[in-house]
1. Considering each residue of the stretch 32-50, count those that are touching a helix residue (DSSP H, G or I) at 6+ places or on another chain (Cβ under 6 Å) and either exposed (fewer than 13 other Cβ atoms within 10 Å of the Cβ) or under 14 Å from residue 61 (Cα atoms) (or both), and give that number.
2. With a cut-off of at least 2 residues that are aromatic (Phe, Trp, Tyr) and modelled with pLDDT of 95 or more, name the helices (runs of 4 or more DSSP H) lying wholly within the chain.
3. Which pairs turn up if I take residues in the stretch 32-60 that are more than 30 Å from residue 84 (Cα to Cα) and look for partners that are hydroxyl-bearing (Ser, Thr, Tyr) and assigned to a loop (DSSP other than H, G, I, E, B) with beta carbon separation below 8 Å, at least 6 apart in sequence or on another chain?
4. List pairs: first in the stretch 65-84 and farther than 14 Å from residue 37 by Cβ, second outside any helix (DSSP H, G or I), Cβ under 9 Å, 6+ apart or cross-chain?
Amino acid sequence: MLTKEKVLKDTTQEQDEGFAFGKQNYRLMAIGFAIIVLGFILMTGGASEDPNVFNEEIFSFRRITLAPLIVLAGFIFEIWAIMKKPNNN
């Protein structure tokens, strides 16, 4: 015989199995994606107008050090956002 509590418990379990991530996880993943895109944007530039002239600007601190560190931080943030346990509110 089905009781009211058992039916409520079964419907609650079905609702919890809907999505793998919570709303907060998706927001954090979007932030991580934006950080990665920012890192790739910082890597751009440094091209020379004349293909026969070498431009030393491609070896700037921003392109060689800062941008890859920001991309790496974005990927680490993405992993954390995926592994974070969603809140059960």
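1. 4
2. Details: elements: 4-16, 23-43, 67-83.
Helices (runs of 4 or more DSSP H) meeting the threshold: 23-43, 67-83.
3. Partner pairs satisfying both residue conditions: 46/60; 54/48; 55/48.
4. The qualifying pairs are 66/60; 81/21; 82/21; 84/21; 84/22.
The values are calculated or read from the model by the stated rules, or taken from the named source; none is laboratory data. For clarity, every value in this text was computed on a predicted model and none was experimentally measured. Using ideal geometry, Cβ is built from the backbone for each residue, glycine included, and neighbour counts are taken over all protein chains shown.
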